[in-house]
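The values are calculated or read from the model by the stated rules, or taken from the named source; none is laboratory data. Remember, it's a predicted structure, so these values are computed and weren't measured experimentally. FYI the Cβ positions are ideal-geometry reconstructions off the backbone, even for glycines, and counts take in every protein chain you see.
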């Protein structure tokens, strides 16, 4: 019988040496290849920021109908949903640390092919806020889908991406 406490399952333990080498470079795995939460207790507290984007591809008909949506303004509801999602990231991503966010912002911009979403998260802490920014962008995009799906089930969410981050040991990153 499989036991999660003993982790005695071939699917976790029968890993090739090459796989274990790759996993040893990933911070969310221990030396045996088991998933773990990273210990950030010794890391210094620094100012950290991250920005993520998403694109919700909408038909011309759905774009034209956005102001008349019977459920309300999808863009404003998406902003609130994204902000709330950033604050709940650790509840949904198992290895994320709960963070005291100092700022979250979600903006939406109607473009010719859909709605462009930009989410920013900041904190003063021991770990970054990349997941919080990406969660905000993702949930904002899903909210637009939810509020517009009655008009078109073919809505596509594209290009959820981290576009920049700053702070911490790994320093700054900017998507090119």
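Answer with yes or no whether residue 108 is surrounded by 18 or more Cβ atoms within 10 Å (Cβ to Cβ), in contact with a strand residue (DSSP E or B) (Cβ under 7 Å, 6 or more places away or on another chain), touching a residue at least 24 places away in the same chain (Cβ under 8 Å) and closer than 16 Å to residue 160 by Cα. Working first, answer last.
Working: surrounded by 18 or more Cβ atoms within 10 Å (Cβ to Cβ): yes; in contact with a strand residue (DSSP E or B) (Cβ under 7 Å, 6 or more places away or on another chain): yes; touching a residue at least 24 places away in the same chain (Cβ under 8 Å): yes; closer than 16 Å to residue 160 by Cα: yes.
Spelling it out, residue 108 is indeed surrounded by 18 or more Cβ atoms within 10 Å (Cβ to Cβ), in contact with a strand residue (DSSP E or B) (Cβ under 7 Å, 6 or more places away or on another chain), touching a residue at least 24 places away in the same chain (Cβ under 8 Å) and closer than 16 Å to residue 160 by Cα.
Yes/no per residue for (1) modelled with pLDDT of 95 or more; (2) more than 28 Å from residue 176 (Cβ to Cβ); (3) not assigned by TED's automatic domain parsing to the domain that holds residue 161:
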| residue | (1), (2), (3) |
| --- | --- |
| 25 | no, no, yes |
| 30 | no, yes, yes |
| 84 | yes, yes, no |
| 94 | no, yes, no |
| 101 | yes, no, no |
| 104 | yes, no, no |
| 108 | yes, no, no |
Considering only residues of region 159-174 that are at pLDDT below 95 and surrounded by fewer than 12 Cβ atoms within 10 Å (Cβ to Cβ), which is nearest to residue 75 (Cα to Cα)?
172
Do we have residue 115 as farther than 29 Å from residue 35 by Cβ, surrounded by fewer than 18 Cβ atoms within 10 Å (Cβ to Cβ) and modelled with pLDDT of 95 or more here?
no
Odd one out for residue 156 among (1) closer than 20 Å to residue 49 by Cα; (2) surrounded by fewer than 22 Cβ atoms within 10 Å (Cβ to Cβ); (3) touching a residue at least 40 places away in the same chain (Cβ under 8 Å)
(1)
Test residue 128 against the criterion of being over 17 Å from the mean Cα position of the chain (by Cα), buried (at least 18 other Cβ atoms within 10 Å of the Cβ), part of a loop (DSSP other than H, G, I, E, B) and touching a residue at least 40 places away in the same chain (Cβ under 8 Å), and give yes or no.
no
So, residue 82, is that one part of a loop (DSSP other than H, G, I, E, B) and within 21 Å of residue 164 (Cβ to Cβ) or not?
no
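Taking the stated definitions as given, is residue 151 assigned by TED's automatic domain parsing to the domain that holds residue 52, touching a helix residue (DSSP H, G or I) at 6+ places or on another chain (Cβ under 7 Å) and either loosely packed, with under 13 Cβ neighbours inside 10 Å or within 11 Å of residue 50 (Cα to Cα) (or both)?
Judged against the criteria, residue 151 is not a match.
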State whether one or more residues within region 138-154 are farther than 27 Å from residue 35 by Cα and part of a strand (DSSP E or B).
no
For residue 97, the lone unmet condition from (1) in a loop (DSSP other than H, G, I, E, B); (2) within 30 Å of residue 171 (Cα to Cα); (3) without any contact (Cβ under 8 Å) to a residue 40 or more places away in the chain is (3)
Testing residue 75 on (1) more than 27 Å from residue 35 (Cβ to Cβ); (2) not in a helix (DSSP H, G or I), one condition comes back false. Which one is that?
(2)
Restricting attention to region 132-148, which residues are touching a helix residue (DSSP H, G or I) at 6+ places or on another chain (Cβ under 7 Å) and either more than 30 Å from residue 171 (Cα to Cα) or at pLDDT below 95 (or both)?
143, 144, 147, 148
